Amino acid sequence: IYKRLYKTYEQVYSKNTGGPTMNVAKSGYRVFSANSSVASTELAKKITERLGVELGKSVVFQESNRETRVDVKESVRGQTIFIIQTIPRDVNTAIMELLVMAYALKTSCAKNIIGVIPYFPYSKQCKMRKRGSIVCKLLASMLAKAGLTHIITMDLHQKEIQGFFSFPVDNLRASPFLIQYIQEEIPDYRNAIIVAKSPAAAKRAQSYAERLRLGLAVIHGEAQCSESDMADGRHSPPCVRNTTGHTGLELPCKQQAPFPGIELPIMMAKEKPPITVVGDVGGRIAIIVDDIIDDVGDFVAAAEILKERGAYKIYIMATHGLLSADAPRLIEESAIDEVVVTNTVPHEVQKLQCPKIKTVDVSMILAEAIRRIHNGESMAYLFRNITVDD
């Protein structure tokens, strides 16, 4: 009897409202953009076009006092929500927009809230530096508290960042798209060599070299860290106490050796070796690969070294093209022939300033990830032929 009554109720509800019942709505999903700037919503529009859905109706804006306000214009109760958030140059505003949007959807009774954050901000601050803080861990905790239950991102600066989160993280790779660009857009790429601009980037470069069947070169000798700890108190030696006698006039020592009479071994200071290139780049196309290109000073210096060693063309491949400050001008005036980045970060203004900057669209893999997560399908297909070091 109850089943018949419920079926009759469904038919009457659909006839009167002209729409599906609440149970049908619960099985759906919505895609929202949390960006307030028009330029930052381009990637979200491309993803929704590939999915064949409309972008969710919402308003994100900054009030006169710079507070972020979010207004969701449609019901999200019981639905799976995907928030696409690209990170423009105003990083902190974008983070606040994402947090407020996630919390607004959480309080509107959304079933699952999944953040699509192609470039995860503060990813370089994932290690303890002197008396600093691990800001990336703080941001992960804030996102969980705001209501996110899952994150889709791309090429985290360190893969260990996934351990900061209390919910699943899918770290997609842009390397298949960049490798395809190398094969299709770089003439005579078989005469190229993959270059790591520092020993720390050697594993990523090796992964590219093995899949392209190319050689590998590593630039060694550049400054790995510009931090100086000369004035932070770490070089102050322990106080030497006079153990022969006590005059009564000695001031208390703030820094004492752990055991009187025992001297700690002297730490040898690091000395930066001269810049060298490990590998033969003479008469070849040099392709420098990295995950982020922001301050291009290191890349410009690497390009000059490679030119001196005989490379006749220099390309830079990076996933996230932040290109801050005077990066477009420095690239234009440098020996770099082309900079190829994906559209995880909006950089249309930089492209107008420097025609050497090219863009590879990665909306396809992001849209496929959304589709597979919504349908409960395996994500393994998106990681085929991807190595751990990539």
Mind scanning Lys272/Lys356; Lys203/Lys270; Lys124/Lys159; Lys57/Lys111 and naming the pairs with a C-alpha gap bigger than 20 Å? Lys272/Lys356; Lys203/Lys270
How many percent of the alpha carbon pairs in the range 27-172 exceed a separation of 21 Å? 41
Of 332-342, 90-100, ordering from highest average Cβ density within 10 Å down gives 332-342, 90-100
With every protein chain left in place, what is the accessible area of Met128 in Å² (1.4 Å probe, nearest 10)? 110
Report the antiparallel proportion of the DSSP beta bridges in the range 27-172 as a percent, rounded to a multiple of 5. 20
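The values are calculated or read from the model by the stated rules, or taken from the named source; none is laboratory data. Model, not experiment: these values are computed from the prediction. Positions of Cβ are backbone-derived with ideal geometry, glycine not excepted, and every protein chain shown enters the neighbour counts. Calculation scope for accessible area: heavy atoms of the full protein, side chains included, ligands and nucleic acids excluded. Shrake-Rupley method; radii C 1.70, N 1.55, O 1.52, S 1.80 Å.
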